[in-house]
Amino acid sequence: MDAASINAAIAEHGAAKVYAAATKHMAGQQPDLSSLGLRPKTLRDVYDALSEAYNQLGEADKAIDAAQTSAALKRFEGRSQ
């Protein structure tokens, strides 16, 4: 999977959708990157899609992602005590 195919998926589906699909792909959940026409062969391919999509997210989407990640971490920390 190359940068051109990742950027084409971002252009067609939007950075937020590619980012969400890459995140789900890493967790083994559906819909993953294949639902957007991307066929990663390695975890590096998934990471490249995740990174590029994140770089193209708007500031509002990045803030939402940070808040959701922070909330999930707090839930996780609460279970381990």
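Each value in this text was obtained by applying a stated rule to the coordinates, not by laboratory testing. In this text the structure is predicted, and so the values were computed from the model without any measurement.
Some notes on this structure:
- Once the Cα atoms are used to define both axes, helix 59-79 deviates from the longest principal axis of the chain by about 40 degrees.
- Across the chain, Cα pairs under 8 Å and at least six residues apart give a relative contact order of 31 percent.
- For the chain, the longest principal axis of the Cα atoms and the long axis of helix 3-13 meet at an angle of about 70 degrees.
- Tail fraction, Cα-Cα pairs, the chain, threshold 17 Å, whole percent: 46
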